[in-house]
Amino acid sequence: MREGNLRICRQLHDGRRVITGFLTKGDIVGVSFKNRYLYSAEALDDVAFQRQTKVAFEKQLLARPDLRPVLLSQLCDEVAAAQDQMVLLSCKSAEERLCSFLLARLRKSTTQGCKPNVVDLPMTRLDIADYLGLTIETVSRTVTKLAGQGILSAGRRHEILVLKKSALVQRAGEDEADVDDGRDDTPIYSHH
């Protein structure tokens, strides 16, 4: 994907929507080793792709061995994200789920050149709730609670500012070493 944001989801037979992930610039979309896709990709904003047929993609992998480690790395990241999502949904409280989600988005935003304390959220709170297995009210209450405790602050539209990363890590129930990016926890304030 060259630009934009997608949500990956599946419609259940009873009409419920399950969001299994969010993709952004640099992610590979639509690679399947089956004859059909089990999930849909829906645009959250303007999206640009570099489209390739399956045959052309396979030829490129054969012709350019340097691409194989990149693809393998992305596939490994996808498997690890799926495993993290299983832990998140099966073992974590609502607050831990939201904090883990915000930390993952913070890492993603930072790798895309955003400020180190800015969480880019192109999706709606309903999308976040569906992804985390929560209600939209629980997501909103938890964000309000964390803001009241000085851990988060509202940024511009579709972003949240992390004021106390170590507190967010603690609330996520994660190990600081697993999410440490080498930055200190000094609050960074952004003027808009």
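The values are calculated or read from the model by the stated rules, or taken from the named source; none is laboratory data. None of the values given here were measured: they were computed from a predicted structure. Neighbour counts run over all protein chains shown; Cβ positions are idealised from the backbone, glycine included. When the accessible area is computed, the model is the full protein with side chains, heavy atoms only, and any ligands, DNA or RNA have been set aside. Shrake-Rupley method; radii C 1.70, N 1.55, O 1.52, S 1.80 Å.
The largest accessible area among Cys91, Cys76, Cys114 belongs to the first residue in Cys91, Cys76, Cys114, and the rest follow in falling order (1.4 Å probe, all chains). The order of Leu62, Leu98 by accessible area, most exposed first and with a 1.4 Å probe, is Leu62, Leu98. Per-residue 3J(HN,Hα) values for the stretch 128-134, derived from phi via the Karplus relation 6.51 cos²θ - 1.76 cosθ + 1.60 with θ = phi - 60°, read 4, 4, 5, 5, 8, x, 10 Hz in sequence order (x marks Gly and Pro). With the helix formula -39500 (n - 2.57) applied to DSSP H stretches of n ≥ 4, the chain reaches a computed 222 nm mean residue ellipticity of -14000 deg cm²/dmol.
Across the stretch 64-73, rounded Karplus estimates of 3J(HN,Hα) from the backbone phi angles (6.51 cos²θ - 1.76 cosθ + 1.60, θ = phi - 60°) give 10, x, 5, 7, 4, x, 5, 5, 4, 4 Hz, Gly and Pro being marked x. Going by a ≥ b ≥ c, the root eigenvalues of the Cα gyration tensor, does the stretch 1-58 fall in the rounded group (a/c under 1.5), the prolate group (a/b larger than b/c) or the oblate group? Since a/c reaches 1.5 but b/c is at least a/b, the shape of the stretch 1-58 is classed as oblate. Only protein heavy atoms count here; under a 1.4 Å probe, Lys54 has an accessible surface of about 100 Å².
Amide H contacts under 5 Å for Glu159: Leu121, restricted to partners 5 or more places along the chain or on a different chain, H placed in the peptide plane at 1.01 Å from N. The heavy atoms of Glu42 present about 60 square angstrom of accessible area, all protein chains included, probe 1.4 Å.
Structure shown: which of Lys115/Lys145; Lys34/Lys108; Lys25/Lys164; Lys25/Lys115; Lys108/Lys165; Lys92/Lys115 lie over 19 Å apart, alpha-carbon to alpha-carbon? In this structure, Lys115/Lys145; Lys34/Lys108; Lys25/Lys164; Lys92/Lys115 exceed 19 Å between Cα atoms. A simple count of charges around Gln74, restricted to other residues whose Cβ falls under 12 Å of its Cβ and scoring Lys, Arg +1 and Asp, Glu -1, yields -2. Largest accessible area first, the listed residues Met123, Met1, Met86 line up as Met86, Met1, Met123 when surface is computed with a 1.4 Å probe on the assembled protein chains. Most fluctuating residue of Asp45, Asp127, Asp14 in a GNM of the chain with Cα springs under 10 Å: which is it? The residue with the greatest mean-square fluctuation here is Asp14. For Tyr37 and Lys25, the difference between the fully extended length at 0.36 nm per residue and the C-alpha to C-alpha distance is 2.2 nm. Taking all protein chains together and rolling a 1.4 Å probe, Asp46 ends up with roughly 140 Å² accessible. Summarising the amide proton neighbourhood of Asn5: residues at separation of 5 or more, or on other chains, whose placed amide H is nearer than 5 Å comprise Leu44, Asp45.
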